[in-house]
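What follows is one structure encoded as C-alpha cells, with my remarks underneath.
Bear in mind these aren't lab numbers, they're just calculated from the coordinates by the rules spelled out. A quick note: this is a predicted structure, and the numbers were derived from the prediction, not measured. Cβ placement follows ideal geometry from the backbone for every residue including glycine, while neighbour counts extend to all protein chains displayed.
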C-alpha cells in the first residue's frame, strides 16, 4: 500500500512539472511599420462629418496634415507610432485667466489626439478630446480609406461638354433643398436673385442650413454670378465635396481662404476680386479631381489637383457624383445666372 502512495506521488509531481512547463502557442501580433500609414486618407467621422489625413516621411521625422470636420487643412502638432497605432496630436491654446487689462495670465496647451490603427486596407480609430475643465475625455470613432494620387491634369482643350442645365430658374427654389431640413432656411428668391440672409435673433442662436441642388453631378463646368456684401462670407461646393470660397477679400494678400480659392487647399495665383457689393463672375471647371477657376475674367486657378475634401464636405468619397451646394450659415450673399454644363466621358 505504501508503495502505491509513493508511485502516485511521483506521477503527480511529474504532471505538475509538465504543466508548469507547458506554454500554449499564441500568434504574435503583426508589427505595424509607420510607413503603412503614409499617404492620403479620406475619413468618415461618426455623426456624419468628413475628415482627411496625409502622413508623410520628412528628412528625419514624420509629418502630417489634418482636416477634421469643418475648417481648414492644418499641420498637426505631432505624429508618431506607438504600440502599432499612429498617434496624431492637435494643439489648442486655452486661456484660463486674464488680468484687468484682458491680458492672459495663465494658459494651457490643450491637446486632443487621434489613435489610428490599420485594418486591412483601411484605417480605423478614435479621436480623444479632453474636457476643457479637466474632468474627463470624450471619444469619437472614425474610419478612413486611402486615396490614390490625382491623375495627371486633364487636357481641357479635348474635354467634351454636354447640354447646359440652368440650376436656378429666377422664380423660386425649385430644384433646391436644404441638406438638413431641421435647420432654418435663410435662402429666398426675389427679383430674379437667390439670396441668403441668416439673421440672428438676440439671445438665441438660429442654426441656418446649406442649400443643395436635388440633382447630382460628376465633372462639369459651372458659371455663376455672385454679390458679396462687405465682410460677408459664403461658399460654393462642387459635388458637395470641394468649397470654392465666396468672401469679401478685396485688396487682401493672396491666401487659400480668399475669393475663388479652393478653401484652404489651393491659393489663387492673382487677386481678381471686385469691391464688396459688386456683382462678380465665376467660371469653375472640375475635371478628374482638378480645378480651374476664372474670377471676373481672370484665371486664378489653372487646372490644379485637389487632394481631398474641404471643410464642410457632405461625404468622403471623392469619386461619386454630388450636388452643388451653397453655404447658408455664414453671411449675406446673392446669386444669379447659375448654369452647369456636364463633362461627357
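Listing for the model above:
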read-out: Cα gyration tensor shape for the range 34-147, rounded if a/c is under 1.5, else prolate or oblate; value: prolate
read-out: Extended-chain gain in nm, criterion 0.36 nm per residue less alpha-carbon gap, residue 157 and residue 56; value: 32.9 nm
read-out: Fewest-first ranking of 279, 176, using other Cβ atoms within 10 Å as the exposure measure; value: 279, 176
read-out: Ordering of 304-310, 127-133 by packing [mean C-beta count within 10 Å, highest first]; value: 304-310, 127-133
read-out: Value of [θ]222 nm, deg cm²/dmol, for the chain, DSSP H segments ≥ 4, -39500 (n - 2.57) each, nearest 500; value: -2000 deg cm²/dmol
read-out: Highest-MSF residue in the chain out of 95, 301, 62 [GNM, Cα springs under 10 Å]; value: 95
read-out: For the range 282-345: relative contact order, % (alpha-carbon pairs under 8 angstrom, 6 or more apart); value: 18 percent
read-out: Acute angle (nearest 10 degrees) that the helix 2-21 long axis makes with the longest principal axis of the chain, alpha-carbon atoms; value: 20 degrees
read-out: Cα centroid of the range 264-339 to Cα centroid of the range 214-244, whole Å; value: 5 Å
read-out: For the chain, built as a Gaussian network whose Cα springs stay under 10 Å, the top-fluctuating residue of 333, 74, 247; value: 74
read-out: Global form of the range 207-332, assessed from the alpha-carbon gyration tensor, a/c cut-off 1.5; value: oblate
read-out: Listed values (1) 38.0, 121; (2) 27.7, 113; (3) 20.9, 67, entry calculated as Rg and Dmax of the Cα atoms in Å; value: (2)
read-out: The chain: relative contact order in percent, alpha carbon pairs under 8 Å with at least 6 residues between; value: 19 percent
read-out: Paramagnetic reach from residue 204 in the range 168-197 [backbone N under 14 Å; point 7 Å along Cα→Cβ]; value: 184
read-out: Label zone at residue 269, where the point sits 7 Å out along the Cα-to-Cβ direction: the range 132-170 residues whose backbone N lies under 20 Å; value: 150-159
read-out: Fully extended contour minus Cα-Cα distance, from residue 34 to residue 279, at 0.36 nm per residue; value: 83.2 nm
read-out: Top of 240, 39, 69 by mean-square fluctuation, Gaussian network on the chain, Cα under 10 Å; value: 39
read-out: Rounded, prolate or oblate (a/c below 1.5 giving rounded, otherwise prolate when a/b exceeds b/c) for the range 123-187 by Cα gyration tensor; value: oblate
